[in-house]
4 protein chains.
Amino acid sequence: MNSQLDRNAKGVYLITVTPFTDSGALDLASTDRMVDFCLDKGVTGLTILGIMGEAPKLTMEESRTFVKQVLARVNGRVPVVVGASSPGFAPMKELTQSVMALGAAGVMVAPPSTVRTDDQITAYFDMVNETLGADVPWVLQDHPVATGVLMSTGVILKILKNSPGCVMLKHEDSPGLAKLSAIRAASDKGELKRVSILTGNGGGLFLPEELTRGADGAMTGFAYPEMMVDVCAAHAAGNVERAHDLFDAYLPLARYEQQANIGLAVRKHILMKRGVIASEAVRKPGPKLSAQDMADIARLTARQDKRLAELG
Amino acid sequence: MNSQLDRNAKGVYLITVTPFTDSGALDLASTDRMVDFCLDKGVTGLTILGIMGEAPKLTMEESRTFVKQVLARVNGRVPVVVGASSPGFAPMKELTQSVMALGAAGVMVAPPSTVRTDDQITAYFDMVNETLGADVPWVLQDHPVATGVLMSTGVILKILKNSPGCVMLKHEDSPGLAKLSAIRAASDKGELKRVSILTGNGGGLFLPEELTRGADGAMTGFAYPEMMVDVCAAHAAGNVERAHDLFDAYLPLARYEQQANIGLAVRKHILMKRGVIASEAVRKPGPKLSAQDMADIARLTARQDKRLAELG
Amino acid sequence: MNSQLDRNAKGVYLITVTPFTDSGALDLASTDRMVDFCLDKGVTGLTILGIMGEAPKLTMEESRTFVKQVLARVNGRVPVVVGASSPGFAPMKELTQSVMALGAAGVMVAPPSTVRTDDQITAYFDMVNETLGADVPWVLQDHPVATGVLMSTGVILKILKNSPGCVMLKHEDSPGLAKLSAIRAASDKGELKRVSILTGNGGGLFLPEELTRGADGAMTGFAYPEMMVDVCAAHAAGNVERAHDLFDAYLPLARYEQQANIGLAVRKHILMKRGVIASEAVRKPGPKLSAQDMADIARLTARQDKRLAELG
Amino acid sequence: MNSQLDRNAKGVYLITVTPFTDSGALDLASTDRMVDFCLDKGVTGLTILGIMGEAPKLTMEESRTFVKQVLARVNGRVPVVVGASSPGFAPMKELTQSVMALGAAGVMVAPPSTVRTDDQITAYFDMVNETLGADVPWVLQDHPVATGVLMSTGVILKILKNSPGCVMLKHEDSPGLAKLSAIRAASDKGELKRVSILTGNGGGLFLPEELTRGADGAMTGFAYPEMMVDVCAAHAAGNVERAHDLFDAYLPLARYEQQANIGLAVRKHILMKRGVIASEAVRKPGPKLSAQDMADIARLTARQDKRLAELG
C-alpha cells in the first residue's frame, strides 16, 4: 500500500535530482542512494521529474525507468509526486496513468507559458481536471519564474475551488508572502476545502517567514535537505528563533545554490561531494562549474559546518 | 527508395495539419485523403508534426502512428520532413532515429525559447549537430514569433557553416526580406555551401517578394496549397506580375487564416469544407470558430473564387 | 471651440507619423502638409504621439512643439487625440494637462508591460482614472503586440464600466474579432454606457470584418488613409462587397507596410513619394529601407493604382 | 570642482531611493538627510534616478529638482552618477547634458528591452556613444532581470572596446560570477582599457564572491550601506573570512529586501525606521507593506543587531 498525498500533508517534499553517470546514462545505483539519503534526513515526501530533475531531457523510456526505480526503493514509505506538466493533454493523461499505476501518490501540474489572462488560466485548469479526473491527487505549481504565468490570489482560489483532485499548492511565487497569507486565510475561513501549502519560493529562501504565514512545509530542492527538515521541526515545536538560526546558517550556501542556470550543477556537485550520487554530470544543455565555482562552494560548506557547530 | 531532402530543394513543402475525428481521435482515413490532396495540388514535399500539426498534443504512440501513415501513403513520391524540436537531446535523438527509420527525408529543428545570445544559439546548434550526426538532413527553422529566439543573419550563417547536415532554412523571421537577401547572397558568393531557403513568413504572406529575393519556395501551411504552388510556378516561369495576381487573389483569405490563435481552426474548417478532412476538430487547448467566423470565411472563399475566375 | 471626443465617434482617426527633416529635426512645414493631407482625405480625427509617431524619441520640448503645431493647423476641425501612456502617473498627468490646455480632444492610454493579471490591469486603470479625472475623455488602447499585456473581454468591460472618462476603445488585439463582437454586444445590451470602438488590428488588416462586427471605424496608420475612409464609407452605405473590393485593392501594400520593424520606414517613404512629407527620415534607433525594399514598394503601388482603376 | 568618475573607481556607489512625503511630494529635507547618511556610512559614490529611485514616476521638473538637491548637498565630496536610460536618444542627450551641467560625474545607461541579438545590442551602444560623445563618462548597466536583454561576455567586451566614454560596468547579470571573471581577465590582460566593475547581482547578494573574482566594489541599494562598505573594506584588507562573516550577518535581511516588487517598500520602511527619511511612501504604482511584513522586518533587524554584536 502506498502513502497517500492528502490535504493535510506537512513537512518536506524534496525535489530530487536525476542522477546520471559521467557518460550521461541514468545512474540507478545513485538513484537508490539518493532515495535512502533523503529518507534518512527525514523528508516526508519526494517529488521527481520536476524542472530540477531534468525531466525534459529524458526519453519516455528513461522517465519510466527512473520513476519505477524511485518508487521501488521508496517502497511506500513516503508519498512520491511526479511532475506531469505537458503542453498537451493526451501526453499528460498518458504519463499520469502510467505513474499512478506504478504507485505514485500524485502528480504536479504547472500551467504552460501560453496562458496569460485569468480566464485562460482557469479554463486551462478546467481541462486539467477533465484530464486527470477526480481520483488522481494533484499539486498545483505556482512558479512564475519558470512558467511566465502570473496567477493572482483570486485565480488560485478559483482553481482550488473548482478542482476536487487538487490537494496541494506548491507555492513559488515571489513576493509570495502576501499571497500565501491570503490563501491560508481563505482555507482557514472555510471558503474552500483545506489545501496543503508547501513552499519553494527562491528554493526555500523564505522558509521561516513562510512557516510563520501558515505554510505546511517546503517542496523544493537543496543539497542539504536536513536544513528544511530541521527548520520545519523547530518551527513546528514553537522555537521560531531556533528555526531562524538554523536557516541563517545554511542561507549563504542555499543562496549560492539558487543562482539561475548554474544552480543545478552546484546542487549535484555538493551531492557528489556528500557521497550521495556518483557523478555531478548534468545533461546538455546544462551548466558546468569552474574551478572558481568549486572553490566558492568549498569555502561556503566549510563556513556552514563551522556555523552549525557553533549553534549546536 | 525515399525522396531525399537536399540543398537544391525547390517548390512547396506544405506544413500539414493532423486530422482528428470529432471525438478527438487520430483520423487516419482523413490523413490519407490529405496526403493525396496535397500531392494532387503539386506540393514538392510535406512537413509534419510542426506547431500547426498539433505535435505537442499527441502521445508518443499517436505521433508514431501518424508518421507511419503519412509515409506509407506518400510512398516515396515526395520528401517528408518531421518536426523534431525538443527541450532535450535524448528525446530529439530518439524521435529522429525513429522517424528516419520509418522513411522520413529529414527533420526540422527550431531553437528552444531558453537560448538568447548569439553564443547560446550557436552552442545549441553545435549540440544539435552532435545529436543528429552528419547523415541526417535537417532544416533550420527560424521562427521568432513562435520561439522567441531572434537569430541574426550572422548567427544563421555561422550555424549553416558549422552544420554539415543542415541543408535547408525555413525562413519565418519578420521582417525577413533583408535577412533572406543577405543569406542568399552569402550562399551565392560561395561563403557557405548552397542551402535551400523555403519561406513561411506570416504563413506565406510575403511569398512573391521572397521569391524575388531568391527564396527557393515556401514551407508553410494554407488550406489552399495550390496558391503557393501556382505562385512559385508563375514566378519560376518569369511571370512575376502573374505571380502577384494569383497571390493577391488569395491574400484576403490567407490573411484571415493567419490570425493568431484561431488560424488553425480556420484552416481545418476550410479543409473540411473542401472535403479533405472529415472533421474540423482541434485538440484542446485549441480555438473554436463562431458562426460569425464561419460567415467571414464563406464570404472570403466566395470572393476568392470569383477573383480567381476573373484572372483565369 | 474644439472638436469633442465622444462615445459616438465614427470614421477614421488616423495615427499620424511625426515628420523630421533629413537631419532629424522636427519638420513643421511637413507637419502642416500632413494635417492638410489627412483632412483632405476625409479622416474624422487624428491621433498623434503614438508608437508610430516616434513619441519616445522626442524631447519634452519637441513633443510640445509638435502638439501645438498640429492643433493649430487642425484648428478645431476634427478631434485630436494625444498618446499619454507613461510608466508613471506624475508624467502622465503633466502631459495630459499640458495637451488638454493646448486644445487636444482627449488622450490615449495603454497599460505598461509590467501589469499582467486581471487584478493588476484593473487596478492600474483605477489609478489612471484617479490621475486623469472624470473630465478628460480618454481612449483605452488594447494593443498586446506592443505592450505584452493581454486584456480579456471581461477585463475590458470592467475597465469601461469603472472609467467615466473612457469614451473609446482602440481595439488592436489579435485575434480580436470575437472580442470585438462581445464588447459591442455588451454595449448594445446596455450593460455599460456606449463606447466608440475604433480598430487597428494589424494596422487595419481586418477592417471590413471588424466593421461587420460592429466597429465604428478605424484608428490606425497607413500611407493611404483614403483606404480606411472609403472602406468605412462603403460599409456604412451598406455596400459591403464594395468595401471588400476597395480593401482588397489596398491589402497587398497595407500588408507590406505592416511588417514588423520596417513598417514605419515604409510608411514614411510612401508619404514622401506622395509629396506629403519632405523626408522619409526615421529617428534612431529606427529602420532604413534598402533599394530592394523600395523596388517592392514601387511595384506594389503601381499594382494598387492599376487595381483601383479597374474597380473604378 | 566635482569628483570624477573614472576607470579606477572602487568601493560602494549606493543606489539611492527618492524620498517622498506621505502625500507623495518630493521630500528635499529627507533627501539631504539621506545624502549625509550615505556619506557618513562611507560610500564612495552615489547613483540616483535608477529604477529603485522611481525615476519614471517623476516629472521632468521633479527629476531636475532632485538632481540639483543631491548634487548641492554632496557638494563634490563623491561622484554622483545619474540614470539616463531612455527609449530615445534625443531625451537621453537632453537629460545627460542637463545633469552634467549641474555637476553629475557621469550617467548610467542600460539597453532598452527592444534590442535582442548581439548585433542589435552593439549597434545600440554605438548610437549611445554617438549621443553622449567621448567626454561624458558613463556606466554600462548589465541588468537582464530588469531589461530582458542578455549581453554575453563577448558583447560586453565589444561594447567596452568601442566606447571611449564607458569607464565602468555595473554588473548585475545572474549567474554573473563567470562573466565577471572573464571580463576582469580581459581587462587585466590588456585586451581592453581597464574598466571599473561594480556589482549589484541580486542587490549585492553575491558581494564577497564577486570581490574575490575581481570586482572593484558594489553599486546597488540596501538600507544598510555600511554592509557593503564594511565587506569591501575587510576584503580589501585581505580579511576574506571577516568579509564573509559581516556579509552573512546582513544576508537574511538583504535577502528579504531583495524580494521582487515589495523590495523598495522594505528598503524605504527601514530607512524611515533608521531616521534617514521621513516617510516610507512609494509612488503609485508601487507596493505597500502589511503588518506581517513589518513584523518580519522587525524580527530580522533585531536578529541582525544581535549577530553583529556577537561578531564585534
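The values are calculated or read from the model by the stated rules, or taken from the named source; none is laboratory data. Predicted model only: the values in this text are computed from it and were never measured. Cβ atoms come from the backbone with ideal geometry, glycine included; neighbour counts cover every protein chain shown. SASA here: full protein model, heavy atoms, side chains in, ligands and nucleic acids out. Shrake-Rupley method; radii C 1.70, N 1.55, O 1.52, S 1.80 Å.
Per-structure values
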| read-out | value |
| --- | --- |
| Pairs where the first residue, in segment A:194-211, is assigned to a strand (DSSP E or B) and the second is basic (K, R) and open to solvent by less than 10 Å² (accessible area, probe 1.4 Å), C-beta under 9 Å, 6+ apart | A:I197/A:K170; A:L198/A:K170; A:T199/A:K170 |
| Only one of A:A309, A:A295 that is more than 10 Å from chain D (Cβ to nearest Cβ), closer than 30 Å to D:E310 by Cα, open to solvent by 30 Å² or more (accessible area, probe 1.4 Å) and not in a loop (DSSP other than H, G, I, E, B) | A:A309 |
| Every residue from segment B:259-292 that is farther than 18 Å from C:K179 by Cβ, of a type in the set (K, R) and part of a loop (DSSP other than H, G, I, E, B) | B:R274, B:R283, B:K284 |
| Criterion: more than 10 Å from every other protein chain (Cβ to nearest Cβ), crowded, with 21+ Cβ neighbours inside 10 Å and of a type in the set (F, W, Y) - qualifying residue of A:Y250, A:Y256 | A:Y250 |
| Residue within segment D:209-218 that is hydroxyl-bearing (S, T, Y) and within 18 Å of D:T47 (Cα to Cα) present | no |
| Residue list for segment D:130-142, filter: open to solvent by less than 10 Å² (accessible area, probe 1.4 Å) and away from every other protein chain (no Cβ under 14 Å) | D:W138, D:V139, D:L140 |
| Lone unmet requirement of (1) assigned to a loop (DSSP other than H, G, I, E, B); (2) closer than 30 Å to C:D40 by Cα for C:L95 | (1) |
| Within segment B:270-285, tally of residues that are open to solvent by 40 Å² or more (accessible area, probe 1.4 Å) and either of a type in the set (S, T, N, Q) or at pLDDT below 95 (or both) | 2 |
| Some residue of segment C:196-210 being open to solvent by 10 Å² or more (accessible area, probe 1.4 Å), at pLDDT 95 or above and farther than 24 Å from C:D305 by Cα | no |
| Hits in segment A:40-55 - residues which are outside any loop (DSSP other than H, G, I, E, B), buried (at least 18 other Cβ atoms within 10 Å of the Cβ) and not β-branched (V, I, T) | A:G45, A:L46, A:M52, A:G53, A:A55 |
| Flag for D:K189 being farther than 19 Å from D:G11 by Cα, buried (at least 20 other Cβ atoms within 10 Å of the Cβ), at pLDDT below 95 and not aliphatic (A, V, I, L, M) | no |
| Number of the condition not met by B:V229 [criteria: (1) open to solvent by 10 Å² or more (accessible area, probe 1.4 Å); (2) at pLDDT 95 or above; (3) among the hydrophobic types (A, V, I, L, M, F, W, C); (4) under 27 Å from C:L246 (Cβ atoms)] | (4) |
| Pair list, Cβ under 7 Å, 6 or more apart: segment C:268-281 residue in contact (Cβ under 8 Å) with a residue 60 or more places away in the chain, other residue polar (S, T, N, Q) | C:I277/C:S30; C:A278/C:T21; C:A278/C:S30; C:S279/C:T21; C:A281/C:T21 |
| Tally of residues being touching a helix residue (DSSP H, G or I) at 6+ places or on another chain (Cβ under 7 Å), under 17 Å from C:P56 (Cα atoms) and open to solvent by 20 Å² or more (accessible area, probe 1.4 Å) across segment D:90-110 | 2 |
| Single residue of segment D:111-129 satisfying the filter (part of a helix (DSSP H, G or I) and at the interface with another protein chain (Cβ under 8 Å from one of its Cβ atoms)) that is least open to solvent (accessible area, probe 1.4 Å) | D:Y124 |
| Residues being among the β-branched types (V, I, T), more than 14 Å from chain C (Cβ to nearest Cβ) and either out of contact with any helix residue (DSSP H, G or I) (no Cβ under 7 Å at 6 or more places or on another chain) or assigned to a helix (DSSP H, G or I) (or both) - total across segment D:15-39 | 2 |
| Count - residues of segment A:78-89 that are of a type in the set (G, A, S) and surrounded by fewer than 24 Cβ atoms within 10 Å (Cβ to Cβ) | 3 |
| Residue within segment A:41-52 that is at pLDDT below 95, within 21 Å of A:K268 (Cβ to Cβ) and within 11 Å of another protein chain (Cβ to nearest Cβ) present | yes |
| Positions within segment D:56-85 being assigned to a loop (DSSP other than H, G, I, E, B) and β-branched (V, I, T), in sequence order | D:T59, D:V78 |
| Scan of segment A:54-91 for residues that are within 28 Å of A:V149 (Cα to Cα), β-branched (V, I, T) and at pLDDT 95 or above, ordered by number | A:V67, A:V80, A:V81, A:V82 |
| Which numbered condition C:L46 fails, given (1) touching a Cys at 6+ places or on another chain (Cβ under 9 Å); (2) farther than 23 Å from C:N8 by Cα | (2) |
| Test: residue in segment A:143-150 that is more than 30 Å from A:D32 (Cα to Cα), away from chain B (no Cβ under 12 Å) and open to solvent by less than 10 Å² (accessible area, probe 1.4 Å) | yes |
| Members of segment A:151-175 that are assigned to a helix (DSSP H, G or I), open to solvent by 20 Å² or more (accessible area, probe 1.4 Å), more than 9 Å from every other protein chain (Cβ to nearest Cβ) and not polar (S, T, N, Q) | A:L157, A:K158, A:K161 |
| Count of residues meeting criterion [more than 20 Å from A:L26 (Cβ to Cβ) and among the acidic types (D, E)] in segment A:62-97 | 1 |
| Search result, residues across segment A:237-247 that are at the interface with chain D (Cβ under 9 Å from one of its Cβ atoms) and either touching a residue at least 60 places away in the same chain (Cβ under 8 Å) or within 20 Å of the chain's Cα centre (by Cα) (or both) | A:D245, A:F247 |
| Flag if C:M34 is crowded, with 20+ Cβ neighbours inside 10 Å, of a type in the set (A, V, I, L, M) and more than 18 Å from C:L140 (Cα to Cα) | yes |
| Test result for B:V67, within 16 Å of B:E94 (Cβ to Cβ), open to solvent by less than 10 Å² (accessible area, probe 1.4 Å) and of a type in the set (A, V, I, L, M) | yes |
